[in-house]
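Remarks on the structure that follows.
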Amino acid sequence: MNYQEYIKTELLILIPVLYFIGIGLKKSKMPDKQIPTVLGISAVVLSAIWVLATTEISGLQETASAIFTAVTQGVLVAGGSVFANQLYVQAKKEE
């Protein structure tokens, strides 16, 4: 599977950024079950900033496309970050 077909190359940097944000949230008093939600929202916001900075939006169609891109890219990079964290957690477990 070629991940670049789904996640824009410029947004791949968000995966480790979100991973480290997740580590910080884990060390805070935030409940574990809320961390993926916070990471997802953070990813969508950061993706939206990138989309708005790199896209010329002049009409309704471009606006809808920008929103769709920001949300889907945000969800994908958040999922990548949570997946990377789970790989690390599971590798540390002794069975």
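The values are calculated or read from the model by the stated rules, or taken from the named source; none is laboratory data. Bear in mind the structure is a predicted one, so any value in this text is a computation, not a measurement. No Cβ is skipped: glycine too gets one built from the backbone with ideal geometry, and neighbour counts run over all protein chains shown. Ligands, DNA and RNA are stripped out before the accessible areas are found, and what is left, the full protein with its side chains, is counted by its heavy atoms. Shrake-Rupley method; radii C 1.70, N 1.55, O 1.52, S 1.80 Å.
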_Regarding the range 33-56, can at least one residue be identified that is at negative phi and modelled with pLDDT under 90?_
no
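For the chain, give me every one of the helices (runs of 4 or more DSSP H) that falls completely inside it and has 1 or more residues that are touching a residue at least 60 places away in the same chain (Cβ under 8 Å) and open to solvent by 40 Å² or more (accessible area, probe 1.4 Å).
Those helices (runs of 4 or more DSSP H) span 14-27, 60-92.
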